[in-house]
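Visitor: One structure follows; several queries about it will come next.
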Amino acid sequence: MVAVCPSRRSSAFLYTVIVWIGVLPWVSGCGNSPVDPSGTISGRVTYEGQPVQQGVVTFYSSELGVGISEELQEGGQYKTNTPIPTGSYVVTVLPPEQPPSMEEELVVEISPVKDIPDKYRDPSQSGLKLEVTQGDNSFDIDMTK
């Protein structure tokens, strides 16, 4: 009778297979899947019926500790390209960010944003709430004085 001893080559092969079985789910994306269920949001922001041309729409869920913001595009349109978890969100509309000046001597005069009333900038006063459901969600915002 001949005793069969595993060779170093077969041990190395077996070790490699075991490592790949452990690593493959992470490499293929099965380890950390995107948040499920989730949805995207799109809509239009207007003030007194007219499109708001510049600004940022923010969505924040204190329950989930998740938020997202999107800049307004032409015609007051916005769309979240990144899906967010389903749930309740408070919505605000903020003026566009002003770039910091590169030189102290350069003074940039910022004109006040008249088409985004102060109450819509404050999450506790905006009155805007959205229940995000799985898939595409539409949420138009018509601000008034």
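The values are calculated or read from the model by the stated rules, or taken from the named source; none is laboratory data. Being a predicted model, the structure only gives us computed values, none of them experimental. Neighbour counts run over all protein chains shown; Cβ positions are idealised from the backbone, glycine included.
Visitor: What pairs come out if I take residues in segment 129-143 that are in a strand (DSSP E or B) and pair them with residues that are loosely packed, with under 12 Cβ neighbours inside 10 Å and small (Gly, Ala, Ser) whose C-beta lies under 9 Å away, six or more apart or interchain?
Guide: Final answer for the pair search is Asp142/Gly49.
Visitor: Looking at segment 114-127, is at least one residue at pLDDT below 85, assigned to a loop (DSSP other than H, G, I, E, B) and not β-branched (Val, Ile, Thr)?
Guide: Yes, there is a match, as at least one residue in segment 114-127 is at pLDDT below 85, assigned to a loop (DSSP other than H, G, I, E, B) and not β-branched (Val, Ile, Thr).
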